[in-house]
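Peer 1: Structure in structure tokens, see below.
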Amino acid sequence: PSRPRDFPAGGRTPRCRSPPFLPTQPPRHVSSSNRSNMGKKQHQKDRMFLTATEWRTEWGGHKDKSRAPFKSLPYHCCAIAFTPFEEPVCTPDGTIMDIVNAVPYVMKYKKHPVTGEPLHLRDLITLNFHKNSDNEYHCPVMNKVFTEHTHIVAVRPTGNVYCWEAVEELNVKPKNWRDLLTEEPFVRKDIIHLQDPLNLERRTIQNFDHVKKELAVEVDEDPAQGSSLRNTTDDMKRVLGALATQEAKDAFQAGGGGKRVEARRMLAAAKNLGAGKAGPAAGNTGGGSAGGGGGAAAA
């Protein structure tokens, strides 16, 4: 019998033929209008991109800055006036204010401007900020310039302000409980945290008690008249009476800042009064801002 036509001689398996060439043109029975619509709706919802709305709202893209979770008060600004302080004082929890705003506010409302908790004048602590040759606040030990990212602390008995790194390395770890500048002794609870970059929420302006309740205080233009004394107690008036000398009145007119002079007198009187009732351990009676003026005067 004869061999099959497509089977080669010698018994070898024939090679596989390549598949026929596929035409690129669609079948003739498909109209041109149908060809234009082919595949359009097949993956209509499977986009290969994100819309601006999807990126912003669902995928962590750009957020509207006006809707930020909070706006933090800079460390060098007063928590009442929101302006750079000149003579800083702070509360035991580290809220910084300018003395010229803090004294009348506490006298009028008798509470903390940020938390709304009760607060007395004798609780205010005078701070000693130090400046470098470029007029920048810095740590006097580490020479580190303070920024919004610096962990800033103060030592209550002296009011001296340092970066936390200096206090942690030179005081806390070696248990050396003496001020790094004055050698004055203190305890760990005397360390006041003025700014912690890991806990900025407490400096959220819109959460301040006086902002939410729209509390304000008007500082008298002529403090020499003693008009702001109407809110003081009788004991404090007697203490201030000893300070209301001609020398004090001259200080009002000597360009020292009348409102600031009176604020210092009021704070000194409150501390002296508190010291007489609670003993010499109450409050902080010394110091001033090394970069921005004097501190509380001693009566």
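Peer 1: Working out 0.36 nm times the residue gap between Trp177 and Ala216, then minus their Cα-Cα distance, what length gain in nm do you get to one decimal?
Peer 2: 10.1 nm
Peer 1: If I stretch the segment between Glu117 and Lys144 completely, what's the gain in nm (0.36 nm per residue apart, minus their alpha carbon distance), one decimal?
Peer 2: So the chain would gain 6.4 nm between Glu117 and Lys144.
Peer 1: Sticking with this one: Which whole-number percentage describes the relative contact order of the stretch 107-213, with Cα contacts under 8 Å and a sequence gap of 6 or more?
Peer 2: In percent, rounded to a whole number, it is 26.
Peer 1: Using per-residue counts of other Cβ atoms within 10 Å, averaged over each peptide, order 123-131, 160-168 from highest down.
Peer 2: So the order, starting with the most tightly packed, is 123-131, 160-168.
Peer 1: Taking every eigenvalue of the Cα gyration tensor of the stretch 60-172, multiplying by 5 and rooting it, what semi-axes result, largest first, whole Å?
Peer 2: 23, 23, 14
Peer 1: Continuing with the same structure: When a/c reaches 1.5 or more, the comparison of a/b and b/c decides; with that in mind, is the stretch 93-140 rounded, prolate or oblate per its Cα gyration tensor?
Peer 2: Prolate.
Peer 1: Students often get this wrong, so check it: of Lys71/Lys144; Lys71/Lys175; Lys110/Lys189; Lys71/Lys108, which have C-alpha atoms separated by over 32 Å?
Peer 2: Over 32 Å apart, Cα to Cα: Lys71/Lys175.
Coordinate-derived values only; no laboratory data. Because the structure is predicted, anything quoted here is derived from the model rather than measured. For neighbour counting, all protein chains shown are included, and Cβ atoms are generated from backbone atoms with ideal geometry for every residue, glycine included.
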